Amino acid sequence: MTDRWDHLLLDCRLVTLVDPHGYEPIAEGAIGWRDGAITFAGSMRDLPDKPETLARVCESARGALVTPGLVDCHTHLVFAGNRANEFEMRLNGESYEAIARAGGGILSSVHATRAAGEDELFEQSLPRAQGLLRDGATTVEIKSGYGLDLDTEMKMLRVACRIGETLGITVRTTFLGLHALPPEFKDRRADFITTVCDEWLPRIAEENLADAVDAFCEGIAFTPDEVRRCFGRARELGLPVKLHADQLSDLGGAALAASFDGLSADHLECAGAEAVAAMARSGTVAVLLPGSFYALRETRLPPVDALREYGVPMAVATDLNPGTSPLRSLRLAMNLACTLFRLTPEEALRGATIHAARALGLRDRGALAIGRRADVVIWNAHGPAELAYWIGGGFASRVFAGGVEISA
Ligand code: DI6
Ligand code: FE
């Protein structure tokens, strides 16, 4: 038979995240796929034929937990150097904002990233993506924003794509031009915005280097008006937007993202109920980033109850970056989201799969159902709550991306 499935996993504790089972594991589950897409996900009893006649490769998962591949929808994992020195400074009493205003912070990563050659930047960044993959991530978003000149921004985005190709995972790239004001534009803010809108964005769109556009809307970064100009241009060029919104102060960022039909508004610690209502209307996903909350020892919690009340999907991501979130496991982000933000383990798992996929505009993954991508993880675990429960440690035992087994 030529139309046999490529692969069939039997004896799974299968968490599909779609009705009717949702988060409840199917105890004697099976999942099959062909040409990278799922052909069966359900109970072994409901298989249409004998396993060996259905698929070329049949194997038992021996009762292990099987879930969709994790989706990390907010990272800045391409950068050179690190900022452990600032970690020490903060422990000696400096604040994140004071370090940023004194020319450290994002700009110190900009200096290092500009100085690194493309291969060197790739070599330094790849292990961070490998770490995410080892802990079950099959789709990773990667932002630019540590170049802040066109050449280095494009270098970062190319490195991000190369990481995806090298590891066999899906990488979605985001252009984050409005991350910090580069030194060349000191005291020339308006010129910088014009340059980003009129020169950089069109070039990046033309070269197909970005799937979306992001900005850092914050007292220490860019104003809502500046972000609006950039987002207007992005939409004209056909690129969807997302925003670092209301993390350290409430500048109305979440509502701004919603007004541009943003894919997501991320952080949200200072966002109010009105912003949440606007996100619900526009279908904008809330991306919760407990790693930076933890690292900066924030105390103000994102409006989780309001997000639940308005039915805004909550994603969970690492925000893997050298300044505020050197967090290298999405599973650990899930744990932090539960412990610090009081998400349930079910919300954390949906947040790191189906809702995160939606935050990237991807409807073909994040759940195990016929026709979706065969991004599948077999875990050294039995129940789905374990994924958020164990603090650290490697739990992904095998990872399939688009039906192909991959390893870091
Ligand atoms: N994401 C960001 O882009 C900023 N904070 C955050 O959560 C700054 C990252 C940095 O300091 O490098
Ligand atoms: Fe970020």
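The values are calculated or read from the model by the stated rules, or taken from the named source; none is laboratory data. This structure is a prediction, so every number in the text was calculated from the model and none was measured. The accessibility values were calculated without ligands, DNA or RNA, using every heavy atom of the protein model including side chains. Shrake-Rupley method; radii C 1.70, N 1.55, O 1.52, S 1.80 Å.
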Using the alpha carbon gyration tensor of region 147-238, what are the three equivalent-ellipsoid semi-axes (square root of 5 times each eigenvalue), largest first, in whole Å?
24, 14, 12
Nearest 5 percent is fine: what portion of the DSSP beta bridges confined to the chain is antiparallel?
40
Ratio Rg/Rh, restricted to the chain and using Cα atoms, in which Rh is the Kirkwood radius
0.98
Rounded to the nearest 10 Å², the accessible area of Trp33 using a 1.4 Å probe with every protein chain kept is 0
Sort Met334, Met89 from largest to smallest accessible area, using a 1.4 Å probe on the heavy atoms of the protein chains.
Met89, Met334
How would Tyr389, Tyr146, Tyr96, Tyr310 rank on accessible area, largest to smallest, probe 1.4 Å?
Tyr389, Tyr310, Tyr96, Tyr146
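Share of antiparallel DSSP beta bridges in region 7-70, in percent to the nearest 5?
Details: 11 of 17 bridges.
So the antiparallel bridges in region 7-70 amount to around 65 percent.
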Ordering Lys50, Lys143 from largest to smallest accessible area (1.4 angstrom probe), what's the sequence?
Lys50, Lys143
Whole-number percent relative contact order across the chain, with pairs defined as alpha carbons under 8 Å at least 6 apart
19
Considering only protein heavy atoms, what is the solvent-accessible area of Met154 at a probe of 1.4 Å, reported in Å² to the nearest 10?
10
Run the reach check for Lys143 against lysines, Cα to Cα strictly under 18 Å, same-chain hits fewer than 8 apart removed. What comes back?
Lys155, Lys242
The chain: calculated mean residue ellipticity at 222 nm from DSSP helix runs of at least 4, using -39500 (n - 2.57):
-10000 deg cm²/dmol
Just how much of Arg4 is accessible, in Å², when a 1.4 Å probe is used and the result is rounded to the nearest 10?
70
